[in-house]
Amino acid sequence: QVQLVESGGGLVQPGGSLRLSCAVSGSIFRLYAMGWYRQAPGKQRELVAEITSAGRRNYADFVEGRFSISRDNAKNTVYLQMNSLKPEDTAVYYCNVRSDVRGYWGQGTQVTVSS
């Protein structure tokens, strides 16, 4: 069974940094992309960053150059390096994997940016 496990969230001050990790286990048929989404209370889940199987990176406009997504295929892990964090970045961050068959979601990790 496919499992996605996120880690690296926590409480950080404005301007600080966090690195999120997502470890993927199990076999995924025709993997297309891996990415990160976030959801704040009362808001829809939104894309933060994505990296395709071809290595193309996509970022939401609100990232503004502050975040960087990367992957390690040998470790079956995708990362999100977040710098210059703002209070409005506070949300639950979810790892996502897309294939031709379906999408997969992790349980999420809480990121709180507050002084």
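The values are calculated or read from the model by the stated rules, or taken from the named source; none is laboratory data. These figures come from a predicted structure and were not determined experimentally. A quick note on method: Cβ atoms are made from the backbone with ideal geometry, for glycine too, and the neighbour counts reach across all protein chains shown. When the accessible area is computed, the model is the full protein with side chains, heavy atoms only, and any ligands, DNA or RNA have been set aside. Shrake-Rupley method; radii C 1.70, N 1.55, O 1.52, S 1.80 Å.
All of (1) in contact with a helix residue (DSSP H, G or I) (Cβ under 6 Å, 6 or more places away or on another chain); (2) open to solvent by 70 Å² or more (accessible area, probe 1.4 Å); (3) hydrophobic (A, V, I, L, M, F, W, C) hold for Val113 with one exception: (2).
Applying the condition of being over 14 Å from the mean Cα position of the chain (by Cα) and of a type in the set (S, T, N, Q) to region 77-115 and asking which residue is nearest to Ser21 (Cα to Cα) yields Thr112.
Sort out which residues of region 49-66 are out of contact with any helix residue (DSSP H, G or I) (no Cβ under 7 Å at 6 or more places or on another chain) and either surrounded by fewer than 10 Cβ atoms within 10 Å (Cβ to Cβ) or under 19 Å from Ala23 (Cα atoms) (or both), and write them in order of number. Walk me through how you get there before you give the answer.
Here is the first cut: in region 49-66, the residues out of contact with any helix residue (DSSP H, G or I) (no Cβ under 7 Å at 6 or more places or on another chain) are 50-66.
Passing the criteria: Glu50, Ile51, Thr52, Ser53, Ala54, Gly55, Arg56, Arg57, Asp61, Gly65.
Got at least one residue in region 29-46 being loosely packed, with under 14 Cβ neighbours inside 10 Å, out of contact with any Lys or Arg (no Cβ under 6 Å at 6 or more places or on another chain), under 17 Å from Trp105 (Cα atoms) and at pLDDT below 95? Yes, some residue in region 29-46 is loosely packed, with under 14 Cβ neighbours inside 10 Å, out of contact with any Lys or Arg (no Cβ under 6 Å at 6 or more places or on another chain), under 17 Å from Trp105 (Cα atoms) and at pLDDT below 95. For region 73-109, filtering for residues that are open to solvent by 40 Å² or more (accessible area, probe 1.4 Å), of a type in the set (S, T, N, Q), in contact (Cβ under 8 Å) with a residue 60 or more places away in the chain and over 11 Å from Trp36 (Cβ atoms) leaves 3. Taking region 1-72 and the strands (runs of 3 or more DSSP E) fully enclosed by it, the elements with 1 or more residues that are in contact (Cβ under 8 Å) with a residue 24 or more places away in the chain and within 15 Å of the chain's Cα centre (by Cα) are at 3-7, 10-12, 18-25, 31-39, 46-52, 67-72.
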